[in-house]
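Report on the following structure.
The values are calculated or read from the model by the stated rules, or taken from the named source; none is laboratory data. It should be emphasised that the depicted structure is a prediction, and the values quoted were computed from it without experimental measurement. Every residue, glycine among them, receives a Cβ derived from its backbone with ideal geometry; neighbour counts consider all protein chains shown.
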Amino acid sequence: MNILLTGGAGYIGSHTAVALSEAGHEVVLLDNFCNSQKSVLDRLERILGEVLPCVEGDVRDTVLVTRILQDYKIDAVIHFAGLKAVGESFQKPIDYFDNNVSGTVNLLRAMRVSNIKTLIFSSSATIYGVPQYLPIDERHPTKAINPYGRSKLHIEEILADVAASDPSLCIVSLRYFNPVGAHETGLIGEDPGGTPNNLMPYISQVALGKLLCLNVYGNDYDTPDGTGVRDYIHVMDLADGHLATLNFTERNSGLHTYNLGTGKGNSVLEMVKAFEDASGKTIPINIKARRAGDVAACYARVDKANFDLNWKATRNLQKICTSILNFQKHS
Ligand code: NAD
Ligand code: UFG
């Protein structure tokens with residue numbers, strides 16, 4: 001199939017581009033590079049041995065998106081493009097709603113004009129808000145607690161209305177838990193600019209000596225060791241999840257929602273230990289107060305994705321940490 005990946009030069013998009021391309025799909029990328037580097041394209045070429053077509057532009061540009069859909073005879077779209085920093089979304093809510101919500105509406109319009117029926121959307125576990133029970137299944141109530149999360153929730157609601165208006169559409173929202181790790185070649189991975197907000201990029205910079213120590217935000221949560229628990233999923237498992245979803249869309253229509261996680265929670269201290277084991281380095285830690293907006297624990301129930309998509313995350317914490325170390329060598 002011919003697949004358009006909006007935000008395809010980004011962290012999850014680039015890894016998914018590899019998985020789809022290796023499975024024989026023709027992949028086209030659209031990215032405005034507001035949060036990615038053009039060097040990713042050379043890296044993708046080194047991994048795949050071929051150049052992936054990439055259009056530089058904005059998903060909010062309906063004319064451009066329509067042209068890409070038609071010129072490349074696109075069969076399905078995976079919509080990664082968007083802004084994703086929770087903290088920043090409080091400072092710049094308009095940017096978040098414009099980029100994420102308006103971007104999706106524009107994409108839907110271009111798809112309708114071009115008669116394209118299949119959309120896979122990057123949603124987030126953040127839309128569940130504070131977990132009412134664990135593990136979180138797809139029926140868990142949604143209640144976003146920050147503007148970023150609300151933008152994702154608004155989009156899911158829009159997608160439900162659009163799917164209901166045309167039974168021939170197939171729209172799948174994938175709610176990612178905590179994507180981490182890098183491609184096994186070490187050529188692509190997560191490369192946040194500045195000081196990382198997220199745990200694994202922060203730990204890896206401490207290991208490199210770029211940061212002195214990891215601040216652990218809270219050790220008094222109601223979790224086995226008191227630190228926050230999350231469902232860390234290897235980004236290549238996530239990429240394979242998109243491939244499985246694409247296969248699913250070939251046999252199904254309607255609106256579908258899946259959690260993509262491992263189903264298992266790990267604490268901050270467990271992640272530190274896994275990284276220390278993989279790297280042979282000590283990660284100094286400093287216990288700090290809880291971070292505003294954090295929940296104690298968040299991990300997925302993944303039976304629905306396992307069953308319907310015939311997909312399961314298979315890569316363990318050791319694989320996650322060694323892939324990050326390998327990516328560091330190539331950065
Ligand atoms: P990323 O920032 O690495 O990738 C997003 C890409 O989209 C970037 O390359 C950026 O330049 C591009 N982009 C942003 N706005 C655009 C626009 N208007 N037009 C064209 N390109 C645009 O982020 P990621 O981690 O790869 O996340 C991909 C998607 O998954 C996002 O929608 C994000 O909200 C969602 N998600 C990510 C996580 C996570 O922890 N990484 C968790 C849950 C959901
Ligand atoms: N943490 C630290 N120190 C740090 C960074 C994080 O102790 O320097 C802790 C946090 O308190 C939390 C855990 O590590 O307990 C994970 O934090 P992350 O920032 O890596 O991830 P979050 O679960 O807070 O959020 C991420 C994304 C969100 C997304 C969510 C669910 O940043 O955008 O996963 O997918 F919504």
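Annotations for the structure displayed:
- Inter-residue pairs, beta-carbon under 8 Å, first closer than 17 Å to Ala76 by Cβ and in the range 167-179, second of a type in the set (Lys, Arg) and away from ligand 2 (no atom under 11 Å from the Cβ), 6+ apart: Ser168/Lys117; Leu169/Lys117; Cys170/Lys117
- Residues located in the range 194-217, provided they are without any contact (Cβ under 8 Å) to a residue 60 or more places away in the chain and not hydroxyl-bearing (Ser, Thr, Tyr): Gly194, Pro196, Asn198, Pro201, Gln205, Gly209, Lys210, Leu211
- Unique residue being more than 10 Å from ligand 1 (Cβ to nearest atom) and buried (at least 16 other Cβ atoms within 10 Å of the Cβ) when the list is Thr126, Thr104, Thr118: Thr118
- Members of the range 222-231 found to be among the acidic types (Asp, Glu) and within 16 Å of ligand 1 (Cβ to nearest atom), listed by number: Asp231
- Breaking point among (1) of a type outside the set (Gly, Ala, Ser); (2) over 27 Å from Glu157 (Cα atoms); (3) without any contact (Cβ under 8 Å) to a residue 40 or more places away in the chain, for Asn306: (2)
- Cross-chain or 6+ apart pairs with Cβ under 9 Å, the range 29-40 first and over 9 Å from Ala81 (Cβ atoms) and within 16 Å of ligand 2 (Cβ to nearest atom), then at pLDDT below 95 and among the hydrophobic types (A, V, I, L, M, F, W, C): Asn35/Ala85
- Among the residues of the range 261-303, those that are basic (Lys, Arg) and more than 19 Å from Pro179 (Cα to Cα) comprise Lys281, Lys288, Arg290, Arg291.
- Residues of the range 153-203 satisfying the condition of being acidic (Asp, Glu) and either at pLDDT 95 or above or touching a Gly at 6+ places or on another chain (Cβ under 8 Å) (or both): Glu156, Glu157, Asp161, Asp166, Glu184, Glu190
- Scanning the range 167-221 for residues that are more than 16 Å from ligand 1 (Cβ to nearest atom), aliphatic (A, V, I, L, M) and in contact with a helix residue (DSSP H, G or I) (Cβ under 8 Å, 6 or more places away or on another chain) returns Leu169, Ala207, Leu208, Leu211, Leu212, Leu214, Val216.
- Filtered by the rule that a residue be on the phi > 0 side of the Ramachandran plot and touching a residue at least 40 places away in the same chain (Cβ under 8 Å), the range 8-24 gives no residues.
- Among the helices (runs of 4 or more DSSP H) confined to the range 84-203, the ones with at least 1 residues that are within 14 Å of ligand 2 (Cβ to nearest atom) are located at 86-91, 93-96, 147-165.
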